[in-house]
Amino acid sequence: MKITRAMLLLTAALVSTTAWSASWFFDMGTADSKVWDGATRITKDTVYSEDLGYGFESIEGIADQVLVWEEMGSRRGSPAPPDMWSNAITEDSLVGDAPSAFLVDLPDGEYSVYMLAGSSDRSRYQYWDFDVAIPDATDRVQAQGGCHFTPLRMRANVTGGKLRIDLRPHSKWTINCVLIYDDGDAERVASEIIAPLEEWTFFLPPEQQANWALEPVATDDAEMTLSEADVARGFVVFSRPWSEVVYPTTTPRPEEMAPELRIFATPGEYEPLTVAVHLLQDVGDVSVTASDIGPIASEAVDVRHVRYMRARPNYTVQGRYRIVPDVLEPMYMFHDRARYNPAAPVGLTEGTTHRFWLTVQVPEDAAPGTYEGSIQVAAAGGDATVPIKLRVLPIELKQDPDKIFGIYYRDPLDYSTRAKDDASREFFVRQAAMQREDMVAHGTRNLVGNAWVREANEDGEFEPDWELLAMQMEWAERYGFTPPYAMHINTSGVYRKYMDGKSYGSHTADAEIPPPEFAAEMTAMVKLIEEERIRRGWPTFLYYPVDEPGRHEKSVEFMRITLQAIRDAGAPTYITADPSHEQFAPLMPVVNVWCCQPFTPDREAVLADMAARDVQYWCYPNHIAGENDHTPVAGARMTYGFGFWRSGFVTLVPWIYSYSRGDHFNYLTSSTMDFMNRQEPDGTPMPVALWEAYREGYDDHRYIYTLETLIEQANAQGGAAKRAASEAQEALDFAWDSIKVQEKYKYDGLWAHADFDVYRWIIAEQILKLQEAI
């Protein structure tokens, strides 16, 4: 091997105090941006030479990127964190859209290679997708957008005096640093470089950590009676109802240990199962697998780990956080925590509890009956078996056609039209399809959309582009979604046009009364959209001009003018406001859909108003959508099922399917916290516990409606069927009367967690009896 003078100087400069230990650390970025202490700067112009001993084989097509995030931002005039806290490594990167190779001269031998890949630019419409290849190993980086990073750990066997790192883009590649070290230097590199870098990148920099206080969560500390088997294997398995939150400090109650899981479901229905593992000693890993469960094959059981997250008590709170269970991560991510959760707030350490969430779907053709299976939990010290009993019921659940389960949504189809490369465009289209499939699987079949049209030009003409909206409407039909659809429109653009560029502010805080030309253009715009909707045969749109308008006098009058302008176009209106507030009384004649955050007004008022005139009541229950808190799981189930049934409202449409700013898995950066569903690197939806609770509430509602339908049929049939219907109605009335009616179902005033399935079983049992009677 030819060793150049430059290589010897480089090695001498970077080797540690031990003669047999060495590391090579390269910080990719611009010539002027910061460099991590001890690292060598690599720019887009660093081309390999024997004298230099490192660099790119070719610099063609390589660009640089830098964006520094070191200062607090603001939210509505108050200080707020930036989308990320950058450091010398993460503030900049090198980027390429063509294959490249980074070369380093090294003595032959075995090395560890650590890389960090990401962009400090928001890069909202970019999907990074590339392979990293070294001798005998290839890894793939996939990530949407910027402000979050992927760590890579690889092993390389260097021969011939040179390490070659190939970067092979499917869309583009982005690299922040390359760190190469031998085994003799591994401990120092891990503690002095990688650990502080990852703590800063995936949690917070040390000085910012001091600004956040960890709020402890109170749990019931049950006294455990351990068996010899428990002690020998180093963990205890227990189970609680899935809607009851399990924290890292939760310990099992005596009656929860050595559990047997029992569930019932209908063909096609999904059902959750959970087991919790309380560790009696540190472990390296935990595996959880399921056997066949009757007609459900083992490979069809979706096994996930409930990831603990540092989460704010409210999505706008600053300086306070708790450690809460939230994301249901696939097991490959749980097993590779160094890659997917490098700054995890809870490890697999003695005294901690980890929960595993299994979802089963009964096949559509499953025969009724009782089936058995098991869950196997294993760690280095041994394993434990949890038996399962599944009863498949001969029931076909029905959905109430007069009820809609919808959701607010940031549609990746919109992103696909703004992406700059084919691979990114294809990703966003694929992501949009996967998310819609996920919605359908959770009972969600309505989206809040966007019928945006730019304000009229100087000649008073609009220049609409219907391509995106046409695709969204075609997909809505493809996935069996249910109209009508609330549609955002470009009220803000038209307002600024006639108000000298001024905004009406967040929630119309700064609204003034616009001139008559504003209303005339709003009417013309809506007429244009309506004409196109009718021409293409699209379903009904509900025109949604402003989100959550304020209640001050000018705001209300501005909204009255805007809503009247929509009505003058012959179109229905939609407003996110509560008519119980007397300030909104002037809007009553011009609103077709009131979308209220809680279940207010009450049932009697809602039903009376809907019977008296052309108006509907929808609800966007943000209190169980993660915006305020990530843990009201039982409240989410009650809201979607029994509470919705009791409310009189016709639609549930929470905000939002997924909300992210900056790093999708760091809830302490950005002015507002991330919440609801996450995603795997390839865009596959990754649920949170609240999302699963929505589905269980939706199923509760289907059980209720199925029984109501059978009661009606049995009463019409008469005789023995009518007598059975009377008994069924008593059971339904019992459930109805057991509900403590609330505007917001969250924690208090709910049934015991296990009782939700008791009430469902009471209804299911009556369905079975009525089916037999009819």
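The values are calculated or read from the model by the stated rules, or taken from the named source; none is laboratory data. Computed from a predicted structure; not experimentally measured. So basically every Cβ, Gly included, is an ideal-geometry build from the backbone, and we count neighbours across all protein chains shown. Heavy atoms of the whole protein, side chains included, go into the accessibility calculation; ligands, DNA and RNA do not. Shrake-Rupley method; radii C 1.70, N 1.55, O 1.52, S 1.80 Å.
In Å, what is the Rg of the alpha-carbon atoms in the chain, and how long is Dmax?
Computed over the Cα atoms of the chain, radius of gyration and Dmax are 29.2, 101 Å.
Quick check: Cα centre of the stretch 67-98 to Cα centre of the stretch 637-668, how many Å?
After rounding, the separation between the Cα centres reads 29 Å.
For the stretch 365-523, what value does the Rg/Rh ratio take when both radii are computed over Cα atoms and Rh is the Kirkwood radius, given to two decimals?
Ratio of gyration radius to Kirkwood radius: 1.19.
Could you give the angle, 0 to 90 degrees to the nearest 10, between helix 689-717's Cα long axis and the longest principal axis of the Cα atoms of the chain?
Helix 689-717 sits at roughly 20 degrees to that axis.
What is the local net charge at T651, summed over the other residues whose Cβ is closer than 14 Å to its Cβ (Lys, Arg +1; Asp, Glu -1)?
Neighbourhood net charge equals 0.
Heavy atoms only, probe 1.4 Å: what % of the accessible area of the chain goes to carbon and sulfur, would you let me know?
48
So for each of 448-458, 538-548 I average, over its residues, the number of other beta carbons within 10 Å; can you give me the resulting order with the highest mean first?
Ranking the peptides 448-458, 538-548 by packing returns 538-548, 448-458.
Can you give the net charge of the other residues whose Cβ lies under 12 Å from the Cβ of V286, counting K and R as +1 and D and E as -1?
0
Count charges around N446 for me, please; just the other residues with Cβ under 12 Å from its Cβ, Lys/Arg as +1, Asp/Glu as -1.
+3
What spacing in nm lies between the two simple spin-label points modelled at S738 and D131, each 7 Å away from Cα in the Cβ direction?
Those two pseudo-labels are separated by 5.7 nm.
Between D383 and T709, what FRET efficiency comes out of the Förster formula 1/(1 + (r/R0)^6) with R0 = 60 Å and r the beta carbon distance, rounded to 0.05?
FRET efficiency, T709 to D383: 0.85.
Pop out the ³J(HN,Hα) list for the stretch 257-272 in order, Karplus 6.51 cos²θ - 1.76 cosθ + 1.60 with θ = phi - 60°, rounded to Hz; leave Gly and Pro as x.
Result, rounded to whole Hz: 7, 6, x, 10, 8, 10, 9, 10, 6, 9, x, x, 7, 8, 8, x.
Count the DSSP beta bridges whose two residues both fall in the chain, then state the antiparallel fraction as a percent rounded to the nearest 5.
75
Counting only the backbone N, which residues of the stretch 136-173 are under 19 Å from the spot 7 Å out from the Cα of D108 toward its beta-carbon?
Correct set: 136-137, 156-165.
Enter the mean projected area of the convex hull around the alpha-carbon atoms of the stretch 438-584, in nm², rounded to one decimal.
Dividing the Cα hull surface by four gives the mean projection, 9.7 nm².
Please give the charge dipole size of the stretch 643-717, origin at the Cα centre, charges +1 on K and R Cβ atoms and -1 on D and E Cβ atoms. Round to the nearest 20 debye.
It works out to roughly 200 debye.
Along the charge dipole of the chain, Cβ charges K/R +1 and D/E -1, which of V283, P99, N666 sits furthest on the positive end?
Working it through, the farthest residue towards the positive pole turns out to be N666.
At 25 °C and 0.890 mPa s, what whole-number value in µm²/s does Stokes-Einstein give for the translational diffusion of the stretch 680-765, with Rh from the Kirkwood sum over Cα pairs?
Rounded, D is 163 µm²/s.
Length gain on complete extension for the stretch S580 to D465, per 0.36 nm per residue less the alpha carbon to alpha carbon distance?
Extra length from S580 to D465 when fully extended: 37.5 nm.
Is there a pair in K744/K769; K403/K527; K403/K746; K34/K502; K389/K744; K722/K746 whose C-alpha atoms are over 30 Å apart, and which pairs would that be?
Among K744/K769; K403/K527; K403/K746; K34/K502; K389/K744; K722/K746, the Cα-Cα distance tops 30 Å for K744/K769; K34/K502; K389/K744; K722/K746.
Report the label-to-label distance for W761 and R410 in nanometres (one decimal), using points 7 Å from each Cα along the Cα→Cβ vector.
4.3
For the chain, what is the calculated [θ] at 222 nm in deg cm²/dmol (nearest 500), taking -39500 (n - 2.57) for each run of four or more DSSP H residues and dividing by its residue count?
-8500 deg cm²/dmol
How big is the dipole moment of the stretch 596-726 about its Cα centre under a simple scheme where the beta carbon of each Lys and Arg is +1, that of each Asp and Glu is -1, and everything else is neutral? Debye, nearest 20, please.
Its charge dipole is roughly 440 debye.
Write down Rg/Rh for the stretch 267-374, rounded to two decimals, with Rg from the C-alpha atoms and Rh from the Kirkwood relation over Cα pairs.
1.06
Mind checking the angle between helix 719-738 and the chain's longest principal axis? C-alpha axes, 0 to 90 degrees, to the nearest 10.
The helix 719-738 is inclined about 60 degrees to the chain.
Give me the 1.4 Å probe accessible area per residue for the stretch 224-363, excluding ligands and nucleic acids, in Å².
Normalised by residue count, the accessible surface of the stretch 224-363 is 34 Å².
What whole-number value in Å² describes the accessible area per residue of the stretch 387-480 for a 1.4 Å probe?
Accessible surface, normalised per residue, equals 49 Å².
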